[in-house]
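Down below is the structure, laid out as C-alpha coordinates.
The values are calculated or read from the model by the stated rules, or taken from the named source; none is laboratory data. Source: prediction; values computed, not measured. Here the Cβ positions follow ideal geometry from the backbone for every residue, glycine too, while neighbour counts run over all protein chains shown.
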Amino acid sequence: MKLGVVADDFTGASDIALTLAEGGMSAAQFVGIPSKAPSAEIDAGVVSLKSRTAPVEEAVSLSLKACDWLLGQGCSQIVFKVCSTFDSTDEGNIGPVAAALAEHLGETSVLVCPAFPENGRTVYEGHLFVKDRLLSESGMQNHPLTPMTDPDLRRVLSRQTDWPVSHAPISSVRQGNAALTSHIVSAGKSMIIADAIENADLVTIGRAAKNRKLVVGGSGIAIGLPENFGVKDKAIAWRGLIGKAVVISGSCSLATREQVARFKTVAPSREISVEDIMDEKLSLQELVEWVLRQESPPLIYSSAEPEVVAAAQDRFGKEQSSQAVEGLFSNLAAALSQSGVTRIVVAGGETSGAVVSGTAADTLEVGPRIAAGVPALKVADRDLVLALKSGNFGGPDFFQEALSVLESRS
(Lines give C-alpha, C1' and ligand atoms only; values in the text may rest on other atoms or scores of the structure.)
Protein backbone atom coordinates (compact mmCIF):
# COMPACT_ATOMS: atom_id res chain seq x y z
CA MET A 1 0.00 0.00 0.00
CA LYS A 2 1.38 3.40 -1.00
CA LEU A 3 -1.06 6.04 0.24
CA GLY A 4 -3.16 5.96 3.40
CA VAL A 5 -6.28 8.00 4.18
CA VAL A 6 -7.82 8.61 7.59
CA ALA A 7 -11.38 9.79 6.89
CA ASP A 8 -13.54 11.36 9.59
CA ASP A 9 -16.80 9.93 8.23
CA PHE A 10 -18.09 7.27 5.86
CA THR A 11 -19.30 9.43 2.97
CA GLY A 12 -16.04 11.35 2.98
CA ALA A 13 -14.15 8.08 2.83
CA SER A 14 -16.02 6.83 -0.23
CA ASP A 15 -15.68 10.30 -1.78
CA ILE A 16 -11.88 10.31 -1.65
CA ALA A 17 -11.68 6.61 -2.52
CA LEU A 18 -13.48 7.44 -5.79
CA THR A 19 -11.07 10.31 -6.52
CA LEU A 20 -8.06 8.04 -6.01
CA ALA A 21 -9.61 5.22 -8.05
CA GLU A 22 -10.37 7.59 -10.92
CA GLY A 23 -6.74 8.74 -10.70
CA GLY A 24 -5.59 5.18 -11.37
CA MET A 25 -4.97 3.84 -7.86
CA SER A 26 -6.55 0.57 -6.76
CA ALA A 27 -8.45 1.75 -3.69
CA ALA A 28 -10.37 0.06 -0.89
CA GLN A 29 -12.48 1.59 1.85
CA PHE A 30 -12.25 -0.02 5.27
CA VAL A 31 -15.00 0.33 7.84
CA GLY A 32 -13.11 1.22 10.98
CA ILE A 33 -9.56 0.05 11.62
CA PRO A 34 -9.05 -3.39 10.05
CA SER A 35 -7.94 -6.33 12.14
CA LYS A 36 -6.02 -7.98 9.32
CA ALA A 37 -3.74 -7.06 6.43
CA PRO A 38 -5.43 -6.08 3.15
CA SER A 39 -4.79 -7.40 -0.34
CA ALA A 40 -1.29 -6.66 -1.61
CA GLU A 41 -2.83 -5.24 -4.80
CA ILE A 42 -4.28 -2.18 -3.04
CA ASP A 43 -2.45 1.11 -3.74
CA ALA A 44 -4.58 3.33 -1.50
CA GLY A 45 -6.30 2.33 1.71
CA VAL A 46 -9.07 4.54 3.13
CA VAL A 47 -9.95 3.97 6.77
CA SER A 48 -13.42 5.37 7.44
CA LEU A 49 -14.01 6.48 11.02
CA LYS A 50 -17.04 8.01 12.68
CA SER A 51 -14.98 10.72 14.32
CA ARG A 52 -16.23 14.00 12.88
CA THR A 53 -18.57 14.69 15.80
CA ALA A 54 -16.97 12.38 18.37
CA PRO A 55 -15.39 13.83 21.53
CA VAL A 56 -12.00 15.32 20.68
CA GLU A 57 -9.99 12.79 22.69
CA GLU A 58 -11.78 9.90 21.02
CA ALA A 59 -11.34 11.38 17.54
CA VAL A 60 -7.62 11.89 18.11
CA SER A 61 -7.12 8.39 19.53
CA LEU A 62 -8.99 6.68 16.68
CA SER A 63 -7.18 8.72 14.04
CA LEU A 64 -3.74 7.89 15.45
CA LYS A 65 -4.60 4.18 15.56
CA ALA A 66 -5.79 4.32 11.95
CA CYS A 67 -2.60 6.14 10.98
CA ASP A 68 -0.43 3.50 12.62
CA TRP A 69 -2.30 0.70 10.85
CA LEU A 70 -1.81 2.41 7.49
CA LEU A 71 1.89 2.99 8.17
CA GLY A 72 2.14 -0.68 9.03
CA GLN A 73 0.86 -1.54 5.55
CA GLY A 74 3.68 0.46 3.95
CA CYS A 75 2.03 3.86 3.37
CA SER A 76 4.53 6.68 2.90
CA GLN A 77 1.97 9.49 3.04
CA ILE A 78 -1.19 10.03 5.10
CA VAL A 79 -4.18 12.14 4.08
CA PHE A 80 -6.55 13.33 6.80
CA LYS A 81 -9.83 13.54 4.87
CA VAL A 82 -12.29 16.13 6.17
CA CYS A 83 -15.53 17.45 4.72
CA SER A 84 -15.37 19.89 1.81
CA THR A 85 -17.42 22.26 3.99
CA PHE A 86 -14.85 21.89 6.81
CA ASP A 87 -17.54 20.65 9.24
CA SER A 88 -16.33 21.16 12.79
CA THR A 89 -16.84 23.22 15.91
CA ASP A 90 -14.54 25.64 17.71
CA GLU A 91 -13.35 22.70 19.83
CA GLY A 92 -12.50 20.53 16.83
CA ASN A 93 -12.14 17.99 15.51
CA ILE A 94 -10.12 19.04 12.47
CA GLY A 95 -7.45 21.08 14.27
CA PRO A 96 -6.76 18.66 17.15
CA VAL A 97 -6.63 15.59 14.88
CA ALA A 98 -4.45 17.31 12.27
CA ALA A 99 -2.03 18.49 14.95
CA ALA A 100 -1.87 15.05 16.57
CA LEU A 101 -1.23 13.33 13.25
CA ALA A 102 1.44 15.87 12.26
CA GLU A 103 3.29 15.48 15.54
CA HIS A 104 2.98 11.69 15.36
CA LEU A 105 4.46 11.68 11.85
CA GLY A 106 7.14 14.27 12.63
CA GLU A 107 5.67 16.72 10.11
CA THR A 108 5.97 20.49 10.57
CA SER A 109 4.34 21.95 7.43
CA VAL A 110 0.81 20.75 6.73
CA LEU A 111 -1.11 21.73 3.60
CA VAL A 112 -4.83 22.17 4.32
CA CYS A 113 -7.37 22.54 1.50
CA PRO A 114 -10.99 21.34 1.50
CA ALA A 115 -11.71 22.67 -2.00
CA PHE A 116 -13.76 20.47 -4.35
CA PRO A 117 -14.56 22.66 -7.39
CA GLU A 118 -16.68 20.01 -9.12
CA ASN A 119 -19.15 20.27 -6.26
CA GLY A 120 -18.85 24.04 -5.97
CA ARG A 121 -16.43 24.18 -3.01
CA THR A 122 -13.60 26.64 -3.59
CA VAL A 123 -11.11 28.44 -1.34
CA TYR A 124 -10.12 32.01 -2.13
CA GLU A 125 -8.18 34.35 0.15
CA GLY A 126 -8.52 31.72 2.85
CA HIS A 127 -12.34 31.82 2.69
CA LEU A 128 -14.45 28.79 1.80
CA PHE A 129 -17.19 29.26 -0.79
CA VAL A 130 -20.05 26.93 -1.70
CA LYS A 131 -20.76 27.86 -5.31
CA ASP A 132 -21.32 31.64 -5.23
CA ARG A 133 -21.96 31.87 -1.49
CA LEU A 134 -19.66 32.11 1.48
CA LEU A 135 -19.80 28.98 3.61
CA SER A 136 -21.66 30.90 6.32
CA GLU A 137 -24.45 31.73 3.84
CA SER A 138 -24.67 28.33 2.13
CA GLY A 139 -27.09 26.59 4.47
CA MET A 140 -24.24 25.06 6.48
CA GLN A 141 -24.85 27.71 9.14
CA ASN A 142 -27.96 25.66 10.02
CA HIS A 143 -26.22 22.27 10.33
CA PRO A 144 -27.70 20.57 13.43
CA LEU A 145 -24.35 19.24 14.72
CA THR A 146 -21.58 21.37 13.19
CA PRO A 147 -23.02 24.75 12.15
CA MET A 148 -20.46 26.65 10.07
CA THR A 149 -20.88 30.37 10.69
CA ASP A 150 -17.37 31.57 9.80
CA PRO A 151 -16.10 31.18 6.21
CA ASP A 152 -12.50 32.21 7.03
CA LEU A 153 -10.69 28.89 7.42
CA ARG A 154 -7.71 30.61 9.01
CA ARG A 155 -9.89 31.79 11.89
CA VAL A 156 -11.74 28.47 12.10
CA LEU A 157 -8.54 26.46 12.35
CA SER A 158 -6.84 28.93 14.70
CA ARG A 159 -9.65 28.44 17.21
CA GLN A 160 -9.08 24.68 17.15
CA THR A 161 -5.33 24.38 17.55
CA ASP A 162 -2.31 26.18 18.98
CA TRP A 163 -0.34 25.49 15.79
CA PRO A 164 0.39 28.59 13.71
CA VAL A 165 -2.03 28.91 10.78
CA SER A 166 -0.78 30.57 7.58
CA HIS A 167 -2.06 31.04 4.05
CA ALA A 168 -0.92 30.12 0.55
CA PRO A 169 -2.86 32.54 -1.71
CA ILE A 170 -4.01 31.66 -5.19
CA SER A 171 -1.16 33.78 -6.58
CA SER A 172 1.38 31.38 -5.01
CA VAL A 173 -0.54 28.31 -6.19
CA ARG A 174 -0.82 29.63 -9.75
CA GLN A 175 2.95 30.16 -9.93
CA GLY A 176 3.31 26.37 -9.98
CA ASN A 177 4.77 23.52 -8.01
CA ALA A 178 8.22 25.00 -7.36
CA ALA A 179 6.87 28.32 -6.09
CA LEU A 180 4.29 26.65 -3.85
CA THR A 181 6.89 24.24 -2.48
CA SER A 182 9.13 27.21 -1.66
CA HIS A 183 6.17 28.92 0.05
CA ILE A 184 5.60 25.83 2.19
CA VAL A 185 9.22 25.67 3.27
CA SER A 186 9.34 29.37 4.13
CA ALA A 187 6.17 29.09 6.24
CA GLY A 188 7.99 26.97 8.84
CA LYS A 189 5.92 25.12 11.39
CA SER A 190 2.42 25.87 10.23
CA MET A 191 -0.89 24.60 9.00
CA ILE A 192 -1.16 26.26 5.61
CA ILE A 193 -4.60 27.04 4.18
CA ALA A 194 -4.11 26.76 0.42
CA ASP A 195 -6.41 28.53 -2.03
CA ALA A 196 -7.88 26.45 -4.86
CA ILE A 197 -10.49 27.51 -7.39
CA GLU A 198 -10.06 24.94 -10.17
CA ASN A 199 -8.93 21.32 -10.40
CA ALA A 200 -5.65 22.53 -11.90
CA ASP A 201 -4.94 24.31 -8.60
CA LEU A 202 -5.48 21.04 -6.73
CA VAL A 203 -3.09 19.26 -9.09
CA THR A 204 -0.44 21.86 -8.26
CA ILE A 205 -1.11 21.45 -4.53
CA GLY A 206 -0.84 17.67 -4.92
CA ARG A 207 2.50 17.95 -6.65
CA ALA A 208 3.79 20.30 -3.94
CA ALA A 209 2.69 17.75 -1.34
CA LYS A 210 4.80 14.97 -2.86
CA ASN A 211 7.31 14.84 -0.01
CA ARG A 212 4.93 15.75 2.80
CA LYS A 213 4.07 13.07 5.32
CA LEU A 214 0.62 14.54 6.00
CA VAL A 215 -1.94 16.38 3.90
CA VAL A 216 -5.35 17.62 5.15
CA GLY A 217 -8.36 18.31 2.98
CA GLY A 218 -11.46 17.22 1.15
CA SER A 219 -11.45 14.63 -1.61
CA GLY A 220 -10.26 17.28 -4.08
CA ILE A 221 -6.85 17.28 -2.38
CA ALA A 222 -6.37 13.77 -3.80
CA ILE A 223 -6.71 14.81 -7.45
CA GLY A 224 -3.01 15.56 -7.72
CA LEU A 225 -1.66 12.76 -5.51
CA PRO A 226 -1.80 9.57 -7.66
CA GLU A 227 0.78 10.82 -10.18
CA ASN A 228 3.25 11.22 -7.31
CA PHE A 229 3.17 7.43 -6.98
CA GLY A 230 3.61 6.74 -10.70
CA VAL A 231 0.13 5.33 -11.38
CA LYS A 232 -1.96 5.96 -14.48
CA ASP A 233 -5.69 6.21 -15.17
CA LYS A 234 -7.56 2.94 -15.62
CA ALA A 235 -11.16 1.81 -15.90
CA ILE A 236 -13.05 0.81 -12.74
CA ALA A 237 -14.58 -2.66 -12.97
CA TRP A 238 -18.13 -3.03 -11.64
CA ARG A 239 -20.91 -5.58 -11.46
CA GLY A 240 -24.06 -4.33 -9.76
CA LEU A 241 -26.92 -6.25 -8.17
CA ILE A 242 -30.62 -6.50 -8.85
CA GLY A 243 -33.26 -7.22 -6.22
CA LYS A 244 -34.90 -5.33 -3.38
CA ALA A 245 -33.66 -1.80 -2.70
CA VAL A 246 -34.30 1.07 -0.30
CA VAL A 247 -33.33 4.72 0.08
CA ILE A 248 -32.55 5.97 3.60
CA SER A 249 -32.09 9.70 4.21
CA GLY A 250 -31.08 11.35 7.45
CA SER A 251 -29.48 14.50 6.05
CA CYS A 252 -31.25 17.82 6.57
CA SER A 253 -29.21 19.71 3.96
CA LEU A 254 -30.89 21.86 1.34
CA ALA A 255 -29.79 19.53 -1.47
CA THR A 256 -31.04 16.39 0.26
CA ARG A 257 -34.39 17.92 1.14
CA GLU A 258 -34.86 18.73 -2.55
CA GLN A 259 -33.87 15.18 -3.49
CA VAL A 260 -36.32 13.77 -0.95
CA ALA A 261 -39.13 15.97 -2.27
CA ARG A 262 -38.39 14.88 -5.86
CA PHE A 263 -38.14 11.16 -5.05
CA LYS A 264 -41.38 11.21 -3.02
CA THR A 265 -43.28 12.02 -6.20
CA VAL A 266 -42.30 8.67 -7.77
CA ALA A 267 -41.68 6.35 -4.82
CA PRO A 268 -43.45 5.08 -1.69
CA SER A 269 -42.18 7.04 1.32
CA ARG A 270 -42.25 7.05 5.11
CA GLU A 271 -41.12 9.99 7.25
CA ILE A 272 -39.44 9.21 10.58
CA SER A 273 -39.61 11.86 13.29
CA VAL A 274 -37.45 12.12 16.37
CA GLU A 275 -40.63 12.33 18.45
CA ASP A 276 -41.91 9.00 17.12
CA ILE A 277 -38.60 7.31 17.93
CA MET A 278 -38.25 8.81 21.40
CA ASP A 279 -41.90 8.13 22.23
CA GLU A 280 -41.48 4.52 21.02
CA LYS A 281 -44.24 4.80 18.42
CA LEU A 282 -42.25 2.95 15.74
CA SER A 283 -41.91 -0.78 15.22
CA LEU A 284 -38.69 -1.88 13.51
CA GLN A 285 -40.32 -5.06 12.28
CA GLU A 286 -43.23 -3.13 10.79
CA LEU A 287 -40.82 -0.82 8.94
CA VAL A 288 -38.94 -3.80 7.52
CA GLU A 289 -42.15 -5.46 6.39
CA TRP A 290 -43.31 -2.20 4.80
CA VAL A 291 -40.08 -1.90 2.79
CA LEU A 292 -40.26 -5.51 1.59
CA ARG A 293 -43.89 -5.10 0.48
CA GLN A 294 -43.13 -2.25 -1.92
CA GLU A 295 -42.93 -3.05 -5.62
CA SER A 296 -40.49 -0.21 -6.25
CA PRO A 297 -37.63 1.01 -4.02
CA PRO A 298 -39.15 3.07 -1.18
CA LEU A 299 -37.81 6.04 0.77
CA ILE A 300 -37.48 6.21 4.55
CA TYR A 301 -36.38 9.64 5.64
CA SER A 302 -35.75 11.96 8.56
CA SER A 303 -34.78 15.07 6.60
CA ALA A 304 -36.73 17.82 8.29
CA GLU A 305 -36.60 21.60 7.98
CA PRO A 306 -34.09 23.36 10.31
CA GLU A 307 -36.82 24.69 12.64
CA VAL A 308 -38.27 21.18 13.06
CA VAL A 309 -34.84 19.78 13.88
CA ALA A 310 -34.21 22.62 16.36
CA ALA A 311 -37.52 21.96 18.10
CA ALA A 312 -36.72 18.27 18.53
CA GLN A 313 -33.26 19.10 19.85
CA ASP A 314 -34.76 21.55 22.36
CA ARG A 315 -37.15 18.89 23.59
CA PHE A 316 -34.89 15.83 23.66
CA GLY A 317 -31.34 17.22 23.46
CA LYS A 318 -29.02 17.52 20.44
CA GLU A 319 -27.02 14.33 21.04
CA GLN A 320 -30.02 12.30 22.14
CA SER A 321 -31.98 13.29 19.02
CA SER A 322 -29.09 12.44 16.71
CA GLN A 323 -28.38 9.13 18.44
CA ALA A 324 -32.04 8.13 18.29
CA VAL A 325 -32.25 8.58 14.53
CA GLU A 326 -28.87 6.97 13.86
CA GLY A 327 -29.74 4.04 16.11
CA LEU A 328 -32.98 3.38 14.27
CA PHE A 329 -31.33 3.57 10.85
CA SER A 330 -28.51 1.27 11.98
CA ASN A 331 -30.96 -1.35 13.22
CA LEU A 332 -33.10 -0.93 10.11
CA ALA A 333 -30.10 -1.44 7.80
CA ALA A 334 -29.11 -4.57 9.72
CA ALA A 335 -32.59 -6.04 9.47
CA LEU A 336 -33.05 -5.14 5.79
CA SER A 337 -29.67 -6.54 4.70
CA GLN A 338 -30.50 -9.76 6.54
CA SER A 339 -33.92 -9.86 4.82
CA GLY A 340 -32.57 -9.88 1.27
CA VAL A 341 -32.29 -6.18 0.39
CA THR A 342 -29.33 -5.91 -1.98
CA ARG A 343 -29.16 -2.15 -2.73
CA ILE A 344 -29.15 0.64 -0.14
CA VAL A 345 -28.82 4.32 -1.03
CA VAL A 346 -27.99 6.58 1.92
CA ALA A 347 -28.00 10.37 2.29
CA GLY A 348 -26.03 12.02 5.09
CA GLY A 349 -22.63 11.40 6.64
CA GLU A 350 -23.83 10.38 10.10
CA THR A 351 -26.63 8.31 8.58
CA SER A 352 -24.16 6.56 6.28
CA GLY A 353 -22.01 5.67 9.27
CA ALA A 354 -25.03 4.23 11.05
CA VAL A 355 -26.13 2.20 8.02
CA VAL A 356 -22.66 0.79 7.31
CA SER A 357 -22.25 -0.16 10.96
CA GLY A 358 -25.66 -1.83 10.90
CA THR A 359 -24.76 -3.95 7.90
CA ALA A 360 -21.55 -5.08 9.66
CA ALA A 361 -19.53 -4.42 6.50
CA ASP A 362 -15.76 -4.26 6.97
CA THR A 363 -14.37 -3.65 3.46
CA LEU A 364 -16.00 -1.75 0.60
CA GLU A 365 -14.87 -2.16 -3.01
CA VAL A 366 -14.95 1.10 -4.98
CA GLY A 367 -17.10 1.13 -8.10
CA PRO A 368 -17.99 3.76 -10.71
CA ARG A 369 -19.10 7.32 -10.11
CA ILE A 370 -22.76 8.03 -9.41
CA ALA A 371 -22.25 11.77 -8.93
CA ALA A 372 -19.30 13.99 -8.10
CA GLY A 373 -17.88 12.63 -4.85
CA VAL A 374 -20.20 9.61 -4.70
CA PRO A 375 -19.14 6.16 -5.97
CA ALA A 376 -21.03 2.91 -6.09
CA LEU A 377 -19.67 0.59 -3.38
CA LYS A 378 -19.83 -3.18 -2.97
CA VAL A 379 -19.51 -4.88 0.39
CA ALA A 380 -16.69 -7.40 -0.01
CA ASP A 381 -17.77 -11.06 -0.16
CA ARG A 382 -21.48 -10.20 0.13
CA ASP A 383 -24.42 -9.49 -2.18
CA LEU A 384 -24.89 -5.91 -0.99
CA VAL A 385 -24.13 -2.66 -2.82
CA LEU A 386 -24.29 0.83 -1.35
CA ALA A 387 -24.28 4.50 -2.26
CA LEU A 388 -23.19 6.78 0.58
CA LYS A 389 -23.93 10.43 -0.15
CA SER A 390 -22.78 13.48 1.75
CA GLY A 391 -25.80 15.70 2.44
CA ASN A 392 -25.10 18.44 -0.10
CA PHE A 393 -23.90 16.19 -2.94
CA GLY A 394 -25.80 15.08 -6.02
CA GLY A 395 -28.46 16.59 -8.25
CA PRO A 396 -32.24 16.62 -7.73
CA ASP A 397 -32.68 13.09 -9.16
CA PHE A 398 -29.76 11.56 -7.28
CA PHE A 399 -31.75 8.75 -5.65
CA GLN A 400 -33.06 7.41 -8.97
CA GLU A 401 -29.62 7.73 -10.53
CA ALA A 402 -27.94 5.89 -7.66
CA LEU A 403 -30.42 3.01 -7.76
CA SER A 404 -29.75 2.63 -11.48
CA VAL A 405 -25.95 2.59 -11.16
CA LEU A 406 -26.09 0.12 -8.26
CA GLU A 407 -27.70 -2.48 -10.54
CA SER A 408 -25.65 -1.69 -13.66
CA ARG A 409 -22.94 -3.78 -15.30
CA SER A 410 -19.64 -2.46 -16.67
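A few notes on this one:
- Only listed residue being surrounded by 16 or more Cβ atoms within 10 Å (Cβ to Cβ) and at pLDDT below 95, chosen from 310, 304: 304
- Test: residue in segment 8-15 that is in a strand (DSSP E or B), closer than 15 Å to residue 375 by Cα and either in contact (Cβ under 8 Å) with a residue 40 or more places away in the chain or acidic (Asp, Glu) (or both): no
- Exactly one residue out of 32, 12, 24 is modelled with pLDDT under 95 and either within 15 Å of residue 235 (Cα to Cα) or assigned by TED's automatic domain parsing to the domain that holds residue 354 (or both), and it is 24.
- Within segment 373-385, the residues that satisfy the criterion of being at pLDDT 90 or above and under 13 Å from the mean Cα position of the chain (by Cα) are 374, 375.
- Scanning segment 11-36 for residues that are aliphatic (A, V, I, L, M) and under 20 Å from residue 360 (Cβ atoms) returns 13, 17, 28, 31, 33.
- Hits in segment 261-295 (condition: at pLDDT 95 or above, hydroxyl-bearing (Ser, Thr, Tyr) and surrounded by 14 or more Cβ atoms within 10 Å (Cβ to Cβ)): 269
- Cβ separations smaller than 9 Å between residues 6+ apart or across chains give the following pairs from segment 292-318 residues that are under 12 Å from residue 257 (Cβ atoms) to residues that are part of a helix (DSSP H, G or I) and among the polar types (S, T, N, Q): 301/256; 302/351; 303/256; 303/259; 306/142; 309/142; 309/321.
- Count of segment 150-192 residues which are within 30 Å of residue 253 (Cβ to Cβ) and at pLDDT below 95: 0
- Enumeration of residues in segment 347-396 that are more than 22 Å from residue 52 (Cβ to Cβ), in contact with a strand residue (DSSP E or B) (Cβ under 9 Å, 6 or more places away or on another chain) and not β-branched (Val, Ile, Thr): 365, 367, 368, 369, 376, 378, 380, 381, 384, 395
- Restricting segment 212-244 to residues that are in a strand (DSSP E or B) and in the same structural domain as residue 197 (by TED's automatic domain parsing), the residue that is surrounded by the fewest Cβ atoms within 10 Å (Cβ to Cβ): 214
Yes/no per residue for (1) touching a residue at least 40 places away in the same chain (Cβ under 8 Å); (2) touching a Pro at 6+ places or on another chain (Cβ under 9 Å):
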{"site": "160", "(1), (2)": "yes, yes"}
{"site": "163", "(1), (2)": "yes, no"}
{"site": "170", "(1), (2)": "yes, no"}
{"site": "208", "(1), (2)": "yes, no"}
{"site": "211", "(1), (2)": "no, no"}
{"site": "216", "(1), (2)": "yes, yes"}
{"site": "221", "(1), (2)": "yes, yes"}
{"site": "236", "(1), (2)": "yes, yes"}
{"site": "251", "(1), (2)": "yes, no"}
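- Of the residues in segment 386-395, none is crowded, with 18+ Cβ neighbours inside 10 Å and either over 17 Å from the mean Cα position of the chain (by Cα) or assigned by TED's automatic domain parsing to the domain that holds residue 85 (or both).
- Residue selected from segment 53-91 under the condition surrounded by fewer than 17 Cβ atoms within 10 Å (Cβ to Cβ) and in a loop (DSSP other than H, G, I, E, B), by the criterion nearest to the chain's Cα centre (by Cα): 55
- Flag if residue 50 is closer than 21 Å to residue 211 by Cβ, surrounded by 20 or more Cβ atoms within 10 Å (Cβ to Cβ) and either charged (D, E, K, R) or free of Cβ contacts under 8 Å to residues at least 12 places away in the same chain (or both): no
- Leading residue by the ranking (nearest to the chain's Cα centre (by Cα)) among those in segment 19-34 that are part of a loop (DSSP other than H, G, I, E, B) and touching a residue at least 40 places away in the same chain (Cβ under 8 Å): 32
- For segment 41-50, the set of residues classified as in a loop (DSSP other than H, G, I, E, B), within 21 Å of residue 235 (Cβ to Cβ) and hydrophobic (A, V, I, L, M, F, W, C) consists of 42 only.
- Of all residues in segment 175-190 being small (Gly, Ala, Ser) and not in a helix (DSSP H, G or I), the one that is nearest to the chain's Cα centre (by Cα): 190
- Selection from segment 321-366 of residues that are of a type in the set (Ser, Thr, Tyr) and either crowded, with 21+ Cβ neighbours inside 10 Å or within 22 Å of residue 289 (Cβ to Cβ) (or both): 321, 322, 330, 337, 339, 342, 351, 352, 359
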